Each structure stands twice: as structure tokens, then as C-alpha cells.
1. Just checking, how many residues over the stretch 84-129 are surrounded by 14 or more Cβ atoms within 10 Å (Cβ to Cβ), modelled with pLDDT under 90 and within 23 Å of I31 (Cα to Cα)?
2. In this structure, does F175 turn out to be of a type in the set (F, W, Y), farther than 30 Å from K70 by Cβ and under 20 Å from the mean Cα position of the chain (by Cα)?
3. May I ask you to list the residues in the stretch 149-185 that are farther than 21 Å from D98 by Cα and either of a type in the set (S, T, N, Q) or modelled with pLDDT under 95 (or both)?
4. Exactly one condition in (1) of a type in the set (D, E); (2) farther than 15 Å from L152 by Cα; (3) surrounded by 14 or more Cβ atoms within 10 Å (Cβ to Cβ); (4) at pLDDT 95 or above is false for D221; which is it?
5. For the stretch 36-64, how many residues are out of contact with any Asp or Glu (no Cβ under 9 Å at 6 or more places or on another chain), surrounded by 18 or more Cβ atoms within 10 Å (Cβ to Cβ) and touching a residue at least 40 places away in the same chain (Cβ under 8 Å)?
Amino acid sequence: MSAPGQDAAVGHGKAPSAAERELEAKKRHDIVDGARRVFFHKGFDGASMDEIARAASVSKATIYAYFDSKADLFRILVEEDKRQSAERLFEFGDNDEDVASLLHRIGVSFMSMMVRPNHIRLVRMVSAVAEKFPAIGRAFFETGPCQGASRLAAFLERQVELGRLEVDDCQAAAFDFFNLCQGNLVKALMFGLSEEPAPEVIEAQVARAVRVFLAAYGGTDCAGTARPPHSAG
């Protein structure tokens, strides 16, 4: 499928101007934003392209100029939402030395995003359609969990180089950390068994996750002191 404006540009024998590209980008953003509101309100199956067109203040034909189908539009929405959340997840520098505090900050940021009502709705929708539309499930996993784990793995690799951690597989360890942070909080939300946890509940869960993670992987403690050896048996 050609990019919006591409065919017209070819027909006129010139590339679109910066103003035209900006207009196209804004229109595409408006469509995705309108689709997000409709999907979150009606669910994937309940949402119609007519409703999305009204929410985005465009015609249905305009939507199809940008997206092949409702499933394609939902996949793009998933990719954009998960990519933005991954980009906001990590804030640290090479000079940061307190590994425990850094992991705690990452974990709280991660969990604060994971328990948001709109994120829970998104996970439920993706789970419901992934069997029929595997590309949507793959987009969610690759731009969400995999992207987040890769970024955390890069941080862990740096800590291994500095002798602060002992990790043989940083990618696997990154998933370990995120799973420890989630505990049962996200599952309970997914199945409607609890309300969004208070900040102090998240703080306590992440603190437990950091302690367990460092007990398994901490070459040194957060103050830079060598970790006591494991006791025999």
C-alpha cells in the first residue's frame, strides 16, 4: 500500500512538500486518536469504521487511504501506544551507581503504566483478537514486552561490565525482573478481581521484586559492597 500522498506526488512528478507531509501526518494521527477512543469504548469487535471516521472527523474513504482494514488500524494503534510507553519507561545515565534504586525506579514506572485502566483494556482487546489476527498479537509483544526487555537488558549488560551484577543472560533476566514486578497485581486486574492498586502497593511490590532480583543476580549490593556468598544447601 502506497504511503498517503505518494501516488498524487508521483502523478505530479514531484515529492510532497514539508507542509503536505505535516498535514498527512496530522491526519493520520487524528485517525489513530479517534480509533483509540472508539476501540476503548466499544472494543475491537464492537467498533465500526463509520464510528471511527466520525470520531476522527474524516470520511471512511480517508481512513482506507491510510489503513488497509480495521485490524491494520488497530495494529498500528497498538504499536504506537506500546512504543511510546517503552520510550517513557527508562530514564537513567551511565554515571548512575545505585543499582537497587535504579531498578526500583524502573519497576515503579513500569508498573504504573501496566495497571492503568486503558492499558488493561488494551491487553484484553489484544488477547481477544490475537488468535484471529496474529499480527496484532505479534505487534503488541514485539513493541511492548520485547522492546522493554531489550532496553532493560542493555542496562543490565552495562552493570555486568561494571561488576555490579552477575547475569549470564541479560534478556532473560530483564523478563525475570518485569515478571517479579507484576506479581499477581496485573493478573488480578485482567480478570476484574481488583481495582487499580494504590501507589504504596506498587512501591511495596517493586521493592520485593528488587530484593529477589538482586538476591539472584547481584554481584554487588547497591552500595557497591560484594554480595555474601550463597550458603551451602
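The values are calculated or read from the model by the stated rules, or taken from the named source; none is laboratory data. Nothing here was measured: the structure is a model prediction, and the numbers come from that model. Every residue, glycine among them, receives a Cβ derived from its backbone with ideal geometry; neighbour counts consider all protein chains shown.
1. The number of residues fulfilling the criteria is 2.
2. Yes; evaluated as a whole, the condition is true for this residue.
3. N179, Q182, G183, N184
4. Only one criterion is unmet by D221, namely (4).
5. Number of matching residues: 2.
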